There are 2 protein chains.
Amino acid sequence: MNSFLYNAPTKVYFGQNSEEKLTEIISESGYKCVLVHYGCGSAVKSGLIKRVKWALEHAGVKIVELGGVMPNPRLSLVYEGIKLCLSEHVDFILAVGGGSVIDSAKAIGMGAAGGGDVWDYYEEKRTPEKTLPVGVVLTVAAAGSEMSKSSVITNDYTQVKRGRNAELSRPVFAVLNPELTVSVPPYPTACGCADIFMHTLERYLNRGENLEVTDRMAEALMTTVIEASKKVCRKPDDLKARAELMWAGSLSHNGLMSCGTDGGDWCTHSLGHEISALYDAAHGASLTAVWGAWARYVYKNCLSRFHKFAVQVMGVRPNGTREELALKGIEACVEWFASMGLPTSIRALGVNPSADDLKLMAKKWAENNGGEKGSCKKIKESDALAIYTAAL
Amino acid sequence: MNSFLYNAPTKVYFGQNSEEKLTEIISESGYKCVLVHYGCGSAVKSGLIKRVKWALEHAGVKIVELGGVMPNPRLSLVYEGIKLCLSEHVDFILAVGGGSVIDSAKAIGMGAAGGGDVWDYYEEKRTPEKTLPVGVVLTVAAAGSEMSKSSVITNDYTQVKRGRNAELSRPVFAVLNPELTVSVPPYPTACGCADIFMHTLERYLNRGENLEVTDRMAEALMTTVIEASKKVCRKPDDLKARAELMWAGSLSHNGLMSCGTDGGDWCTHSLGHEISALYDAAHGASLTAVWGAWARYVYKNCLSRFHKFAVQVMGVRPNGTREELALKGIEACVEWFASMGLPTSIRALGVNPSADDLKLMAKKWAENNGGEKGSCKKIKESDALAIYTAAL
């Protein structure tokens, strides 16, 4: 049995029009100056930012704004946000958007409260000890950052993408209104489905002795995501399916799916990070591009889990050897990715890396992961290169 | 889609020897005087209280003690605890035990911080606005009170048993060491299994439009409890099965299993409360004594959910009409209760109520539930009497 700490303090307000609760939430909290942090367009165009500001104005707080967060959020904007927080005496950050906006807000919060260079935290040179509190109005079901302790920032000066886990980074509240996700176009919706699924699968595929209840809940979540993704592909305004994806997204990354495991594998995420750092690919797409190659490379080292995944999640009929079934499960999963229009190879991302590019990614991967990583199979730089090559 | 608030801030320290973390937890918190609250024997005999006090002494806090909590915890002891907290300037309550001890601690916390008569909260005459913080070292996997917002107290002056939900009652931390539950004897272990299962089932059996992910996780949890209960019956020191039950117990009642539902039915709990208020029966046993009769009385009004329960949880083969399958599911569940040595009728509790006693219970049930209750079927006093009579 593995010990664990479970800490998911984020208060979730789930349901239609739940962003209307912001006035009450912020009034009760006693904050005085709120930084409203958002992305590059849709939340502005849809009128959501206007509605959020209206709700905050009625809570009697001063509002400071910083838009312009891009996918794979950049350190330069984080620095800008920190300066703004310090000059305007911001005491609360409200992230209105998806994972990139929330991650950027978390970095700003740590940087503004902690002093010094916030990038030190991402390079593990310092441990964050305080942060400005962060709240969320979620507009994309994907990253799960609304309840998670993690944030991923791209250093746009060095092209290094790094994640940081810190319990204090968990948002204090998250407003989850599935209606806000109905207008998300098909491709980012599919990327989101893949991301939610992978957050669960990275934890599920491991060589530790799991708690059965955790495993079964992970299977429940992944099965739901596959089903809901099909509904949303057919009918983008299927509000019930959007609601399933939204709640599954939060649960997939708040720690619940790790309880009792060895923590999970996380190689697909780290391999994907190097792809999107170099080519600015969408996070979910970078995962599906490399997962099949990774899975075929490691499954024999973790056969019982891959077998269980095939039967319990991918619905493979249990006729055949464990190895045959495990492989069928991998292929079924890759087919599901493809059926959503997601890339299942690196070139399908629209890029064409040379042999030297692959070597560079493998080298950076090794540098950023202390030389080795993985639970199903501990892989090293040479393995990473073999996986990138197979995924080409 | 039903809106919901999800708020489960309790920090869980799960694993072997996790009570050793108490020194660190309490040191960091800055509390100065801790009331150690416990039951009638086993935690003292096993040496756990001694170990807990040792850990607290090393955290440098003053310790005040109040033992003697009985199953179906009593208001008189709660009053005593409140007096003690006020006279000794207690700023934190540590509940060491199961649901009764934790519920008693929650009531003491509200009473000490809120002033006035704490019973007012249970009679819904006042809304609690503050509490002393409560932490938990859990010794029985059953009530789920370690993460829940609810507490149930028996007024031993009037023989009324009342529950109170309050978000502020959620414990700030819970130390969950499954080893501490290995010595729980077979009957309370079985009662605990039934309680965990019923906390999930009360939420699952409802007429609202559920989130699929919630339903599937509830099925995952119930399936795990059935499996683990069989293992623990065969081998009481099966630590892995004890761990499954312990974590399932916390998740069954922290709100996760309600997300997106209409809140659930809760008639079995309320019917059971009247039985244990009158006869001091164990909570879990009071539930199994009445559940079958309730289920047979209401299942036709909620056929799709009972059908799903039969197939997905009780493993009934899907051959037959929905009604036949629903009934088979009910019988399979009642058989599982019986297989653990739990009562499946009121008389099996070792009591023999007269017709007048049943009428009195139904009358009290109606008084305590505003005249009607339920989601599968809204029942009234006459229905309650019919169910008690069928359950005799």
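Here are some notes:
- For the stretch B:70-164, the list of GluC sites (Glu not before Pro) that fall in a loop by DSSP and count at most 13 other C-beta atoms within 10 angstrom reads B:Glu123, B:Glu124, B:Glu129.
- For the stretch B:11-180, a simple Cβ point-charge model (Lys and Arg +1, Asp and Glu -1, everything else neutral) yields a dipole of about 120 debye relative to the Cα centre.
- For the stretch A:1-58, Kirkwood radius (reciprocal of mean inverse C-alpha pair distance, Å): 13.8
- Over the stretch A:276-392, Cα pairs under 8 Å with separation of 6+ residues give a relative contact order of 32 percent.
- About its Cα centre, chain A has a charge dipole of approximately 400 debye under the convention of +1 per Lys or Arg Cβ and -1 per Asp or Glu Cβ, with nothing else charged.
- Label-point spacing for B:Asp156 across the identical copies (point 7 Å from Cα in the Cβ direction), in nm and ascending order: 6.8.
- Across B:Lys130/B:Lys161; A:Lys377/B:Lys53; A:Lys149/B:Lys130, pairs whose alpha-carbon gap is larger than 32 Å: A:Lys377/B:Lys53
- Applying a DSSP loop filter and a limit of 14 other Cβ atoms within 10 Å to the GluC sites (Glu not before Pro) in the stretch B:175-257 leaves B:Glu209.
- Global geometry of the stretch A:166-205, whether rounded, prolate or oblate, following the gyration tensor of its Cα atoms and the 1.5 cut on a/c: oblate
- Stokes-Einstein D for the stretch B:11-180, Kirkwood Rh over Cα pairs, 20 °C, 1.002 mPa s (µm²/s): 138
- Estimated distance in nm for a label pair at B:Thr127 and A:Thr127, the labels positioned 7 Å out from Cα along Cα-to-Cβ: 4.0
- Candidates B:Thr268, B:Thr139, B:Thr224, ranked by Gaussian network fluctuation over chain B, Cα under 10 Å, top entry: B:Thr224
- Hull volume per residue, based on the alpha-carbon atoms of chain A and their convex hull, is 126 Å³.
- Across every pair of non-identical alpha carbons in the stretch A:185-391, the mean reciprocal distance, once inverted, gives a Kirkwood radius of 17.1 Å.
- Directionally averaged projected area (the stretch A:166-254, Cα convex hull): 6.6 nm².
- In plain terms, the C-alpha convex hull of the stretch B:281-340 casts an average shadow of 4.1 nm² when viewed from every direction.
- Each other copy places its own label point for A:Asp120 at 5.1 nm from this one, sorted shortest first, where the point lies 7 Å along the Cα-to-beta carbon line.
- Cβ-based net charge around A:Glu167, under 13 Å, with every Lys or Arg adding one and every Asp or Glu removing one: +4
- Among the cysteines of chain A, those with no neighbouring cysteine Cβ under 4.7 Å are A:Cys33, A:Cys40, A:Cys85, A:Cys191, A:Cys193, A:Cys233, A:Cys259, A:Cys267, A:Cys333.
- Shape of the stretch B:112-209, Cα gyration tensor, a/c cut at 1.5: prolate
- Nearest-ten-degree value, helix A:322-339 long axis tilted from longest Cα axis of chain A: 40
- Sum of side-chain charges, A:Lys363 neighbourhood, beta-carbon under 15 Å (Lys, Arg +1; Asp, Glu -1): -2
- Principal semi-axes in Å for the stretch B:23-101 [√(5λ), Cα gyration tensor, largest first]: 20, 16, 9
- Structure remark: mean-square fluctuation, Gaussian network model of chain A, C-alpha springs under 10 Å; the largest value among A:Thr261, A:Thr288, A:Thr127 belongs to A:Thr127.
- Estimated Rh, the protein assembly as shown: Kirkwood, alpha-carbon pairs, angstrom: 27.4
- Computed from the alpha carbon positions, the gyration tensor of the stretch B:312-392 leads to an equivalent ellipsoid with semi-axes of 28, 18, 10 Å, biggest first.
- Scaled against 2.2 N^0.38 Å for its residue count N, the alpha carbon radius of gyration of the stretch B:150-305 is 1.06.
- Relative contact order for the stretch A:298-354, counting Cα pairs under 8 Å that sit 6 or more residues apart, in percent: 26
- Around B:His307: net Lys/Arg minus Asp/Glu count, Cβ-Cβ under 15 Å: +3
- Here the extension length gained between B:Leu392 and B:Glu335 equals 18.8 nm, from 0.36 nm per residue of separation less the Cα-Cα distance.
- Label-point spacing at B:Asn352 relative to the other copies reads 9.2 nm, in ascending order, each point sitting 7 Å out from Cα along Cα→Cβ.
- Taking every C-alpha pair closer than 8 Å and separated by at least 6 residues, the mean separation divided by the residue count of the stretch B:11-180 gives a relative contact order of 27 percent.
- Averaging the Cα positions of each part gives two centres, and for the stretch B:37-53 and the stretch A:289-348 these lie 50 Å apart.
- Modelled label reach - A:Gln159, point 7 Å along Cα→Cβ, the stretch A:325-358 residues with backbone N closer than 18 Å: A:346-347, A:349-358
- Antiparallel beta bridges, as assigned by DSSP with both residues in the stretch A:11-180, represent about 20 percent of the total such bridges.
- Cα long-axis angle, helix B:355-368 against chain B (0 to 90 degrees, to the nearest 10): 60
- Estimated distance in nm for a label pair at A:Leu5 and A:Ser183, the labels positioned 7 Å out from Cα along Cα-to-Cβ: 4.0
- Rounded tilt (10° steps) of A:99-114 against the dominant C-alpha axis of chain A: 60
- FRET efficiency, A:Lys240 to B:Arg322 (Cβ-Cβ, R0 22 Å, nearest 0.05): 0.50
Bear in mind that the values in this text are calculations on the coordinates, not laboratory data. Everything quoted here is computed from the prediction, not taken from an experiment. Don't worry about glycine lacking a Cβ; one is built from the backbone with ideal geometry, like all the others, and counts go over all protein chains shown.
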